[in-house]
Structure formats: structure tokens, C-alpha cells
1. Just for the range 433-448: of the residues that are touching a helix residue (DSSP H, G or I) at 6+ places or on another chain (Cβ under 8 Å), over 22 Å from residue 496 (Cα atoms) and not charged (D, E, K, R), which one is modelled with the lowest pLDDT?
2. Being part of a helix (DSSP H, G or I), under 39 Å from the mean Cα position of the chain (by Cα) and at pLDDT 90 or above is the requirement here; does residue 252 meet it?
3. Of the residues that sit in the range 3-53 and are modelled with pLDDT of 95 or more, in a loop (DSSP other than H, G, I, E, B) and of a type in the set (A, V, I, L, M), which one is nearest to residue 99 (Cα to Cα)?
4. Please determine, by comparing only the residues of the range 54-74 that are assigned to a loop (DSSP other than H, G, I, E, B) and out of contact with any helix residue (DSSP H, G or I) (no Cβ under 9 Å at 6 or more places or on another chain), which one is nearest to residue 425 (Cα to Cα).
5. Quick check: is even one residue across the range 66-74 modelled with pLDDT under 90 and farther than 16 Å from residue 120 by Cβ?
6. Consider residue 316 carefully, then state whether it is surrounded by fewer than 18 Cβ atoms within 10 Å (Cβ to Cβ) and within 30 Å of residue 142 (Cβ to Cβ).
7. I'd like to check something: does the range 700-715 contain any residue that is surrounded by 10 or more Cβ atoms within 10 Å (Cβ to Cβ) and touching a Phe, Trp or Tyr at 6+ places or on another chain (Cβ under 8 Å)?
8. Please report, ordered by residue number, the strands (runs of 3 or more DSSP E) entirely within the range 578-662 with at least 1 residues that are charged (D, E, K, R).
Amino acid sequence: MIIKKEIDLGQGKILSIETGKMAKQADGATVVRLGDTMVLATVVSTKTPPPPNQDFFPLQVEYREKYSAAGKFPGGFFKREGRPSEKEILSARLIDRALRPLFPDGYYYETQVIISVISSDQQNDADVLGGIAASAAIMVSDIPFPNAMSEVRVGRINGEFIVNPDINELLRSDLDICIGGTANTICMLEGEMKEISEAEMVEAIRFGHDAIRRICSVQDELAKEVGKAKRAFAPASVPSELTGKVSEICEERLKQLAYTPLAKEVRAEETAAIYRETLQETLSHFKTLYADADVSGDPAAAMCLNAHVIEEEIHSIEKKVMRHMILDDAKRLDGRTLEQVRPITIELGVIPRAHGSALFTRGETQALVTITLGTKKDAQSVDTLTDNADKRFMLHYNFPPFSVGETGRVGGTGRREIGHGNLAERAIRMVAPTEQEFPYTIRIVSDILESNGSSSMASVCGGTLALMDGGVPIRKPVSGIAMGLIKEGDKYAVLSDILGNEDHLGDMDFKVTGTADGITACQMDIKIDGLDYHILENALEQARRGRLHILEVMEQAIPSSRDELAAYAPRLTTIQIPVDAIGLIIGKGGETIRSITEETGAEINIEDDGTVTIACSNVEGTHAALATIKTLLAKPEVGTTYLGKVRDIREELGAFVEFLPKTDGLVHISEISSTVRVSKVSDHLKIGDRVKVKLVDVRKDPRTGKTRFALSMKAVEIDAAKGEQKENGQDNN
């Protein structure tokens, strides 16, 4: 049975959700449509019980854009979709981060969600539609999922908020926020803004949440009408005797460790020792207890003898101890107050050949950030369903395993690295100069050398510093801070500059970046249901204070962008030429422009409007290329001296000299020298010689109508002699 629901999002935007027509063998499938953009979401969850020692939820969320959806061919040789693009990976992360915390605790059945963009009107982005479709597919399935989730994009034009602005509206919007949530809470944020205030941020989230509630209500209606019963699921409960024994053995030791400020690696070693000793003692206790009993049919006894279950109980106690230490005593693992930012050190210009570099260290998190400046040829070609523009500002983030003291596979860029890099890129892009102000392609690379909390925010700070060190004229410096949350009932604590453990054991990871004047980007993930706006407002205000503190430290290191570019950065010079002269500069088959590049070492780019950009790492090459181009454009002027090249010799007549590109003139035999009589041209000149000539006459041949140019080497010698006489006369005076 086909069931379809519709909702008016305002401004004539009708969103529809349909099920029962496509992919009927999946556990759940829906099609969501806005305009002519359509996404199909399917979900399948295995019915095979997970292994007893499994402690994670194997959820896979994939988002794919079909080029046929927009009537386009994929690029590349094979003409079919291949590995997911960055856009597809980022969209999958948006959906995954919102869905994952909403599945019931202990549900460890392998689950796969696949979202396919099957139609694109190239106006409405499908990413947030994919989140709605994924949630609706789970809601109409038999998979346990207590609350519908919806995602919307919020923009603002002339002070008015808009739900799901199209790509043209986004160009005029001063913010772009993707919000995911249920009817009761917000569980995911991701976006960029043009320095908006904290109050405006909360207002935008409230506006988006109103639309989320309405869409969730439609999903509830759809699920009710489908009427599929949810599969039976009951997470295994740990026997109280196991919980009590583990607590008896390790709680006090974990508490003492938590209250002792330690370096990350020392704390990890001490914690591992407690885990190891508690596991051994607990297993020994229950093996003795059940030594004479038959436990084959006793699930509780089996759990008490399961090493994995015991480790999970130790972890629960570790989490409880840390959370109560923060809530009850306002103390943190490294001894800081709730709002205190870890010590920051900054070193600039650490990589001599880079075009700008910074080593940013905050506590036990360290980012080595470099910039590279290039020309338009270095821009990244982007081909998506809605965008084919070249990308001239990019930030790449790398997280090697040694940064956390581990070994690991070093291969392609992972989803997490792409997501963190995108957040940092969006944060800094808001203050980057326009192409007209600074016509370079800019690449920032952040290599994380150490990590214990929010390396993406270190990348924002380090990226800003590297740009300033390289002389890139950014409008304002940007810093970032990661906020955490511990919440038990009505009691809560907001943490500034969270550690890795505080992120892992806490309830929120809220990253906020911005200038002294406002927010430029944010990313938030919530692990609990029921975040209220009062807590959100407190977190944003605390983040603002932390952000300003970090900006002060950055300003002490470098108050503004350097006046000069780095020594090894290419220098760009831009000139405007007539559009009809573009072909002259390029030459037949690119011959002329290639020869300029070979002779001067400069790279030359020409736009369709006649804008010529010359890039060269040395001033001499730039001047030589500029002079050649100006010469190519020059018109012959009588009385002007040129440096020409001998193209042909006529012994009794003279020499033909190319004094301007594709323009030859005759140096008559009588005009070759002012000091000697020339009887044979080849005694004085040979083909290929570079000679200075003066244009003395221009006339049209009455027979052919061609313009003839008369050149003189003798006139140049006479002019030079007069100049010397004048100098000597002035010296004598």
C-alpha cells in the first residue's frame, strides 16, 4: 500500500514523504521530495543476534548522489559513479550523527541505512532531505526507534529566517545551519555564519526546531498508518551482584585517580592497570563462587564470568566517578576549573619553505599548520549535482595514529578527517579575502601531532595563524573552542576546552568558532535526550568567553597579517588587456604564452574578460613577463626605440628586424652604422641577433597597400652619443 504525507514548510515549499512504492524488500523505505529533488532511503537491520562480547552499534550510513538524477554524466574515464565525494561523505556524517544516539541503548544488531539522490532539480540540496528520509524509513520498519528525527537547513535573508533555502537563496543568506533533532530536543548542529551573535544563533535554532517538530509529527502519522509492529528487543541487564563486586574493587581507586591531575599517557597507564587488576580479581571471585554450580543455563552467572561484561561495568563506574566529580566538586581530570582553557603556546614560521606556518599547542593537543599559495590553475575542480565551480580555498586535516600514541593503518583520508577539515575550513573561509582582493588559490594543511581534545579547533587557530604568518590579508583572526556537558537530572555543568576523556564520557561535544565580533561556524553532537535552550545559551556564552581568551593569546603572537608575503610564495601581478588581444598573447596553439613562460619562468593565466595574472617567485621573472606582454600589445610609434631580432638579411638592401611581435621593419644598409660605411650587411649582422632600432618612418606602399616600417640602428647610436655628450657637459659644470 502506497502512503504519502505532505507538509508546507512555508514560501510555497511542499515537502512530501512516501512509502510503499519503492524498495519494498528492505525493512523500511521512503522517498522524500522537495521541488524536483527526491531521495530514496532504505534501512535493513540484521535479525541475527550480535556476539555476547559486542559493545558497539554497527550502524552504517551511506549517502550517494546519482549524476543521472540531474541529467549529467559523471566525470572521469569510466563514466560511472565511483568512490564517494567529499560532499557525499559530509552528507552521510550529517545523517549518521543525528540518527546514531537515538537508537535504544544496547541495540547492537548490524544496521545499514542507504540514502540515494534519485532526482535533483539543482536548486534544493538533498542532504537534509536524506536525514528525514532515513528517519522515516526506520520509523515505518520494525526496527526499534522510539523517536522520529528530522533535519532542516536554516538560512536568513534580510533578517528573515528561511527553512531549507535553495542554493540561490543561500548566496544571499548570512547563515547556513543544518539542524537535526526530535520533537523534544536538538541532537546535531553543523553550519557556518557571517559573524552572528550567540543570541541570533539560539534564535535560528529555535526557528529550525519548530519545523523539525512538524516534520517529526508527519513521520509519526506515517508510521502509525503503516502499522508495522516493532521487533522484540530487550537489552541484557547486568546482575546486581556483578555491579556491586566491581564497584567494591575499583570505585575508590578510580575516584583517587580521577582527583589526581596527570598527563594523558600516565592516566591511561594507571587506568589500564586498574582495569586489568579489577578484571582478574572479579573473575577469580566468581569462578570460586560458581566452582561447584552448573551455570550452563544461568545467564546471570554467565555474565559474571564474561570478561567483556566486567570491563563494561568498570567503564560505567569510571564514567560515573568522573561525572560526579565534575557535578559535585566542579573539578576536572587535569585539575582545571570548568571554564579554564589549557595553556597555549604558539610558534610561527617553523617550516622555512612553506608560504606560512604555525605550530599551535593547547595542552596536549598540537597542530602543525602550513599554507601554500598558488594560482587559479591550482584550484580544485568540484563537480556535484548542484555545483561545478572551482574551489580556491581549502583546508585539509590529517590525523595520524601517532598523535594519540597508537599504531594504525595509514591509508586514504577517513570520514572523520574530512569532517573535521570541513568544519575548520568553513570557520576560516568566512574571513578569507575575496578573489578580487587576493587572487591566489589557498591551501591550508593541518597535521595533528598530538591529540587530547578538539584537534579541529586547534586547526582553526593554527590555520588562522599560518595565514597571518604568510601575509594573507584575512579580515579578522578566528579561534575555536570545544565545549562539553555533564548532565544528571536537573543538575548540569558546561565544560570549556574539553579533554578526550570528557568528550568520551560526557553528554555533548559542541565546537564553536568565531572572531571577536561573532560566530563563523559550529558543530554540535548530543548524546542525551532533552537538551534545553537554557543550557545551550549558557554553553554559547561560555564558548564566547573562551574564544576571546584564545584570540588574545593569538594576538600576542601576531597582531595582524604580515605586510609581505613569504619569501618563497609566488608573486601575482594582474593587468587588464583588451579582449580582442587575448589571442595575440596566447598565440597559435599556445605558442606565444608558452615561450613567455619558458623565457621568464612565470606562470600566466588569462581570463575571458581580459584579466591577465602573472605568477612568479622572483621579481625579475614577473617584470620580464610583464614587459613582454606589454610589448605584444604595443602599437608602432615613430621615434620609439625597440629591442628587435634580425629575421632576414638582404646583402645590398639591409636587414629585416622584428621590432614588435609579428611586426617587421627594414633597417636600410645606410642606417646600420653611424661610424662606418657598410658595404656588406652580413659583415655587421647575422640572423638571430638582438639589436636596438629606432622607428623613423611609417608609410603605406601605394602598390600593395601594406604598411612599411623604416628602422634605424644609426639613429640609436646618434641618440646615445648625444646623451653621453649631455652627461659630460653636466659633469664639466
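1. Restricting to residues being touching a helix residue (DSSP H, G or I) at 6+ places or on another chain (Cβ under 8 Å), over 22 Å from residue 496 (Cα atoms) and not charged (D, E, K, R), the top hit is 439.
2. no
3. Only one residue tops the list, namely 26.
4. Filtering the range 54-74 for residues that are assigned to a loop (DSSP other than H, G, I, E, B) and out of contact with any helix residue (DSSP H, G or I) (no Cβ under 9 Å at 6 or more places or on another chain), the one nearest to residue 425 (Cα to Cα) comes out as 66.
5. No, the range 66-74 contains no residue that is modelled with pLDDT under 90 and farther than 16 Å from residue 120 by Cβ.
6. Criteria met by residue 316.
7. yes
8. Here the list reads 603-606, 641-650, 654-660.
The values are calculated or read from the model by the stated rules, or taken from the named source; none is laboratory data. Keep in mind the model is a prediction, meaning the values are calculated, not measured. Because the Cβ atoms are built from the backbone with ideal geometry, glycine has one as well, and the counts that use them run over all protein chains shown.
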